[in-house]
Amino acid sequence: MKYVDEFREPKKADALFRAIEKLSQHLIKPIKIMEVCGGHTHSIFKYGIEEILPEAIELIHGPGCPVCVMPRGRLDDAISISLNSNVIFTTFGDAMRVPGSQTTLLQAKAQGADIRMVYSPLDSLRIAKENPEKEVVFFALGFETTAPSTAFTILQAASEKIQNFSMFSNHVLVIPALKALLDNPDLQLDGFIGPGHVSMVIGTDPYEFISQQYQKPIVISGFEPLDIIQSIWMLLQQIVENRCQVENQYNRLVEKIGNQVAIATMNQVFENRESFEWRGLGEIPYSGLKIRPEYAEFDAELKFPLPNQKVADHKACQCGEILKGVLKPWQCKVFGTACTPETPIGTCMVSSEGACAAYYKYGRFSHLAKKMMLDKEKIKA
């Protein structure tokens, strides 16, 4: 297939759904499949995929949104850096409205902090060159998808000897997060739809532990509706046939060994943190990246004093349970009422990849109706 329309063709989707329905009749019990990536979650609800699946198949939404998993304490650290009078703080747009314990970057900007939205770390490097009298700090977020561009930018800054530029690194790794989910006794999963963008960098080999150690199937998927539907069909085939393998539906872009240049550059600039806190998942060993000592001059954590405190989530927010897949967004007490994209309480409602944002945008009315119906049934009982 060459064109986007071909990945959205109704006849092909219908044929796949019929095949899924036929396979589902051979299931011994209902199954739960987690789509790890927030991009998949949005596609699933944008195209109504979940609504058409057989009742025996439940989709669970995972922690694959880098803004969503950011703990409040790290947001407070970022805001603290931005409030320095000599700092130009740069960030991707979806981090602007993420709530810290007291405020957001957007509110700090309204109060006078020089905070600018950029589209890449290279934009930040350009701003540093244009403002040599200022310290320019980039809020580095994301999984292995965005970490290579951060690493390349640091190498560029080093080669040009840019001394007023640094990064506040909050890059996280998908494999330790998946292991933490698999070790969670409260979450019983039968398979995974693997993240396409991350896998373009790391390849498919790192997922082998899921099939070998945990005996769960995983299919790396693209983001178009036919990609996701085909991936569900492939997973269902494995489950029905009692197989556990790593399969690659997204083979037009994902290779077995990944992007070796990107991996080498990441390893040159970053090293693993001993531990990193994830919202909802807590401390996960070796799940975050920090800048190596050789590039310490570009490490904002060393340049600026930080509060560096753990901060509990808002009492009304259930983002943690949603990120772990224990709850669906519409089961949160404040979803769609006190917590909306305009007035977010938790990160899952802010980011363009957040599960709550996907539900709110594409399915809040139907899910709120279900919620009201369940509440009425509880009252009657």
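Compute log10 of I(q)/I(0) for segment 1-78 with the Debye formula, placing one identical point scatterer on every Cα and leaving out solvent, at q = 0.13 Å⁻¹, to two decimals. Values, matching the q order: -0.56. Taking the Cβ of ASP186 as the center, what net charge do the other residues with Cβ under 10 Å away carry, scoring Lys and Arg +1 and Asp and Glu -1? Local net charge: 0. When only Cα pairs below 8 angstrom with a gap of at least 6 residues are kept, segment 110-218 shows a relative contact order of 24 percent. In order along segment 61-78, phi translates into HN-Hα couplings of 9, x, x, x, 10, x, 6, 5, 7, 5, x, 4, x, 5, 5, 4, 4, 4 Hz, rounded to whole numbers, per the Karplus curve 6.51 cos²θ - 1.76 cosθ + 1.60 with θ = phi - 60° and x for Gly and Pro. Taking the DSSP beta bridges with both ends in the chain, the antiparallel portion is around 20 percent. Ligands, DNA and RNA left out, the 1.4 Å accessible surface of segment 22-97 is 53% carbon and sulfur atoms. Just to confirm my numbers, what's the Cα centroid distance between segment 192-208 and segment 328-348 in Å? Result: 30 Å between the Cα centres. Looking at segment 1-100, the GluC sites (Glu not before Pro) that sit in a DSSP loop and have at most 14 other Cβ atoms within 10 Å of their own Cβ are GLU55. Summed over the residues of the chain and divided among them, the accessible surface reaches 46 Å² per residue at a probe radius of 1.4 Å.
The Cβ shell under 14 Å around MET96 holds other residues with a net charge of 0, Lys and Arg each +1, Asp and Glu each -1.
Along segment 319-336 the Karplus relation, 6.51 cos²θ - 1.76 cosθ + 1.60 evaluated at θ = phi - 60°, assigns HN-Hα couplings of 4, x, 5, 5, 5, 7, x, 6, 10, 8, x, 5, 8, 6, 5, 9, 4, x Hz to successive residues, with x for each Gly and Pro.
Would you calculate, for the chain, the mean residue ellipticity at 222 nm contributed by helices, counting each DSSP H stretch of 4 or more residues as -39,500 (n - 2.57) and dividing by all residues, to the nearest 500?
-11500 deg cm²/dmol
Taking all Cα pairs closer than 8 Å and separated by 6 or more residues, the relative contact order of the chain comes to 22 percent. With K and R counted +1 and D and E -1, the other residues having a Cβ less than 14 Å from that of HIS171 yield a net charge of -1. Applied to segment 296-312, the Karplus parametrisation 6.51 cos²θ - 1.76 cosθ + 1.60 on θ = phi - 60° returns per-residue 3J(HN,Hα) values of 4, 5, 9, 9, 5, 5, 8, 7, 10, x, 10, x, 6, 10, 7, 10, 5 Hz, with x for Gly and Pro. Computed from the alpha carbon atoms alone, the convex hull of segment 80-233 holds 147 Å³ per residue. Our Cα-only numbers for the chain put the radius of gyration and Dmax at 21.3, 70 Å. The accessible surface of segment 157-295, taken with every protein chain in place and a 1.4 Å probe, is 48 percent carbon and sulfur. Between exposed chymotrypsin sites (Phe, Trp or Tyr not before Pro) in the chain, where DSSP calls loop and at most 12 other Cβ atoms lie within 10 Å, what's the longest gap? Within the chain, the longest run free of exposed chymotrypsin sites (Phe, Trp or Tyr not before Pro) spans 120-381. Across all directions, the average projected area of the convex hull around the alpha carbons of segment 157-286 is 10.1 nm².
Pairs LYS32/LYS324; LYS12/LYS32; LYS179/LYS216; LYS129/LYS290; LYS328/LYS361; LYS134/LYS303: which are spaced more than 19 Å apart, C-alpha to C-alpha? The answer is LYS12/LYS32; LYS129/LYS290.
Just in segment 60-169: which GluC sites (Glu not before Pro) are loop by DSSP and have at most 11 other Cβ atoms within 10 Å? Before the final figure, lay out the partial values.
Values: sites: GLU130, GLU133, GLU135, GLU144, GLU160; in loops: GLU133, GLU144.
Here the sparse-neighbourhood loop sites are GLU133.
The separation of segment 61-119 from segment 151-171, counted between C-alpha centres, amounts to 19 Å. Taking N as the residue count of segment 180-220, its C-alpha radius of gyration divided by 2.2 N^0.38 Å amounts to 1.17.
Amide H to amide H distances under 5 Å link GLU35 with ILE60, GLY62, ILE193, where only residues 5 or more positions off or on other chains count and H is placed in the peptide plane. Taking 0.36 nm per residue of sequence separation and removing the Cα-Cα distance, the ARG126/ASN308 pair yields an extension gain of 62.7 nm.
The values are calculated or read from the model by the stated rules, or taken from the named source; none is laboratory data. Bear in mind that the values here come from a model prediction, so they are computed numbers and not experimental data. Neighbour counts are summed over all protein chains in view; Cβ atoms, including those assigned to glycine, are modelled from backbone coordinates with ideal geometry. Accessible surface is based on the protein model in full, side chains and every heavy atom, while ligands, DNA and RNA are left aside. Shrake-Rupley method; radii C 1.70, N 1.55, O 1.52, S 1.80 Å.
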